[in-house]
Amino acid sequence: MSALRQMLALLRKCGRAVFLFEAVYKLAALALFLPLFNLLFGGLMQLTGIRYLTMENLAGFLLHPLTLAFLALLLLVVSLYTLVDISVVICILHRGGGIPEALRHTFAGLRRGWKTGNLWLLLYLPVLALSLHLGVIAALMATVRIPLPLSAYLTAHPLLPALAGLALVGADFWSVRWIFAPVLHVLEGLSFIQACRRSSCLTRGHRGRIFLRMLGIQLVLMAIYMLLALAGILALRLISASLARSFLTSHVLTFLTAALLLISVLSIPLTYALIYACYCRTGQALPAPQPAPAVSAKRKRLRKACSMAALTLSLAGCLLMVYRFQRGHYNLAIEHLRVTEVTGHRGASKAYPENTMAAFRGAWEDGADWIELDVQQSRDGVIFCMHDSSFLRTAGVRKNAWELTWAEISLLDAGSYLGPAFAGEPIPTLAEAVDFARWHSVRLNIELKPTGMEKDFEQAVVDIIREYGFESDCVITSQKYSALERVKEIAPEIETVYVMPVAIGNIEWLTAADHFSVSYHFINRGMVSRLHQAGKQIYAWTVNRRDIMERMIDLGVDNIITDNVALARQCVSAGTASELVTSILDEIAE
């Protein structure tokens, strides 16, 4: 029986348990890793005194002792994650049993495996993980756009990618001599050094065939990814002949992410089924697997129910993570890697009445990461959403905010000015907007519009934010710097943004402003770089044309404030997708 036929026989026998474990393990790890990494990395930047990572401070950050300790910890976590992954798969393939027995054997091996010779295993496993996921990495590179500085560098040095690829293939071929080391370590309890020596002997004369078979597995994974991607794109295109480009872009990228996750689930089982089959073909006597303990029918049903529950919870957690990732909740302050976020100006104000719940829902449905809204204070102290201090333009009443009570304001029609379809749309309170944002995982840009007639205006706004525990999911903005100074005195934990129609001089020295919102006319590359070096973000407003959006994304602004959320989301998504994906979208959108 050839190694390939034996691999297929192993997968027929143990495939259900192996793929179930991989799905739960990968989904749960993804659901936990990104939020945890985001939290730890943010804490690391605070401890090192860096608020925004740029090319200018990158070297100092990487050489900082805390960063080196963090990288060592990350390497340890990746090594242990990979070791558990591989060990459980090997145990299932060897024992032919279920997941619980494989987990018990794996963790028993981990407890007794801390020998001097095994420390090298922690360095080898991350390299092995890269080798085992070459197909996934290649698929990712075909999906995601390379950051602009790196892309420009590679364009100027076209031989580098080819040389890097050859070096990687050469390193993979060289490491084939140790490919049986994890199998020997897990099944025979050899130290890593002993397992490497034994593997080197066993692979002698077979390395070329093993390497080609492993490379074939990676090509199969790539082919599966391409087929899934093509099927997904065609399916989306057939749903409707009039799909918006923004819908296509965002959903195609979501589907491609799911396809990447699927082939990552397949990668370890397929590769290690092949490696185990090749190991068996060497004729070495394998340790006899201990018979699995008898399991009653009731316990089998319980295990099956637990497995399905774990899979369901892992999938739900992963979907929540992907959703929050797309909403920008895990966007790190790293120049050239940070994805520009989109803010709906007064909600989706191009299609809905501004500063109403209809506009806020529309912005969320169009994929806004943030919703910008303006707040005023009524005569009896209620904070509500409206841009003008007068109700004339949007509600047709010649009264000012401070002249009416909330009971009177709540009866006004804030939608009819945009058309009869929105007749009767009420003016919402800030509390209603915060509650909506909290439940829909969207963040708020709350702009204060003080007129001098308010009473404890900033305190009232902060009280609402604190009541809903929304401090970390909003920013308070204003064109009046004194209002931001008062916010910082009341609530230093809430980030502030200074809105500037004109930006001239060293604006980064305005310390009451954590970030700056600048009219796009005044934004240039030097300003973006200067603010980022000072640890500040820069928001561009109000950007409604495609060419200006693309220019702002190219300049590296952190946030685009727009009336046309769908167009901005389309531009941002196209900016993160590779040229291959973008060209496909261009074809199907015609």
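The values are calculated or read from the model by the stated rules, or taken from the named source; none is laboratory data. This is a predicted model, so every value here is computed, not measured. Heads up, the Cβs are rebuilt from the backbone with ideal geometry, glycines too, and the neighbour counts pull from every protein chain shown.
Criterion applied to Gly165, Gly189, Gly232, Gly208 was being modelled with pLDDT under 85, more than 29 Å from the chain's Cα centre (by Cα) and either surrounded by fewer than 20 Cβ atoms within 10 Å (Cβ to Cβ) or closer than 23 Å to Ser578 by Cβ (or both), and the one residue passing it is Gly189. Entry remark, the stretch 28-60: residues being without any contact (Cβ under 8 Å) to a residue 40 or more places away in the chain, among the aliphatic types (A, V, I, L, M) and over 20 Å from Asp514 (Cα atoms) number 4 in total.
Of all residues in the stretch 542-567, which are among the hydroxyl-bearing types (Ser, Thr, Tyr) and either in a helix (DSSP H, G or I) or modelled with pLDDT under 95 (or both)?
Matches in the stretch 542-567: Thr542 only.
Does Thr451 satisfy being modelled with pLDDT under 95, surrounded by 16 or more Cβ atoms within 10 Å (Cβ to Cβ) and either in a loop (DSSP other than H, G, I, E, B) or over 37 Å from the mean Cα position of the chain (by Cα) (or both)? No. For Ser583, state whether it is within 25 Å of the chain's Cα centre (by Cα), assigned to a helix (DSSP H, G or I), surrounded by fewer than 16 Cβ atoms within 10 Å (Cβ to Cβ) and modelled with pLDDT under 90. The answer is yes for Ser583.
The condition (being outside any loop (DSSP other than H, G, I, E, B), of a type in the set (D, E, K, R), crowded, with 21+ Cβ neighbours inside 10 Å and out of contact with any His (no Cβ under 8 Å at 6 or more places or on another chain)) is satisfied by just one residue among Glu432, Glu458, Glu485: Glu458.
Please work out if Arg486 is at pLDDT 90 or above, under 26 Å from Gln326 (Cβ atoms) and among the charged types (D, E, K, R). Answer is no for this residue.
In this structure, is Phe516 free of Cβ contacts under 8 Å to residues at least 24 places away in the same chain, buried (at least 16 other Cβ atoms within 10 Å of the Cβ) and of a type in the set (A, V, I, L, M, F, W, C)? Spell out how you get there, then give the answer.
On the way: free of Cβ contacts under 8 Å to residues at least 24 places away in the same chain: yes; buried (at least 16 other Cβ atoms within 10 Å of the Cβ): yes; of a type in the set (A, V, I, L, M, F, W, C): yes.
Yes.
Would you confirm whether or not the stretch 518-535 contains a residue that is under 24 Å from Leu53 (Cβ atoms), at pLDDT below 95, touching a strand residue (DSSP E or B) at 6+ places or on another chain (Cβ under 8 Å) and not in a helix (DSSP H, G or I)? Yes.
Can you tell me which residue within the stretch 34-76, out of those that are among the β-branched types (Val, Ile, Thr) and under 19 Å from Leu337 (Cα atoms), is modelled with the highest pLDDT? Lay out the reasoning, then the answer.
As a first pass, look at the stretch 34-76 and keep what is among the β-branched types (Val, Ile, Thr): 48, 50, 54, 67.
Subsequent filtering for residues that are under 19 Å from Leu337 (Cα atoms) retains 50, 54, 67.
Working: Ile50: 89, Thr54: 87, Thr67: 95.
Per the stated criteria, the residue is Thr67.
Within the stretch 200-222, being touching a helix residue (DSSP H, G or I) at 6+ places or on another chain (Cβ under 9 Å) and aliphatic (A, V, I, L, M) holds for Leu202, Ile210, Met214, Leu215, Ile217, Leu219, Val220, Leu221, Met222.
The single condition from (1) touching a Leu at 6+ places or on another chain (Cβ under 6 Å); (2) over 21 Å from Trp364 (Cα atoms); (3) small (Gly, Ala, Ser) that Gly452 fails is (1).
Tyr225 passes every criterion in (1) among the hydroxyl-bearing types (Ser, Thr, Tyr); (2) at pLDDT below 85; (3) under 25 Å from Leu34 (Cα atoms) apart from (2).
Would you confirm, using the coordinates I've provided, whether Thr496 is of a type in the set (Ser, Thr, Tyr) and either assigned to a loop (DSSP other than H, G, I, E, B) or surrounded by fewer than 14 Cβ atoms within 10 Å (Cβ to Cβ) (or both)? Write out each step before concluding.
Details: of a type in the set (Ser, Thr, Tyr): yes; either assigned to a loop (DSSP other than H, G, I, E, B) or surrounded by fewer than 14 Cβ atoms within 10 Å (Cβ to Cβ) (or both): no.
It is false that Thr496 is of a type in the set (Ser, Thr, Tyr) and either assigned to a loop (DSSP other than H, G, I, E, B) or surrounded by fewer than 14 Cβ atoms within 10 Å (Cβ to Cβ) (or both).
When Met55 is tested against (1) in contact with a Pro (Cβ under 9 Å, 6 or more places away or on another chain); (2) crowded, with 16+ Cβ neighbours inside 10 Å, just one condition goes unmet, and that condition is (2). Evaluation of Arg525 against the conditions (1) free of Cβ contacts under 8 Å to residues at least 24 places away in the same chain; (2) farther than 25 Å from His387 by Cα shows that the sole unmet condition is (1).
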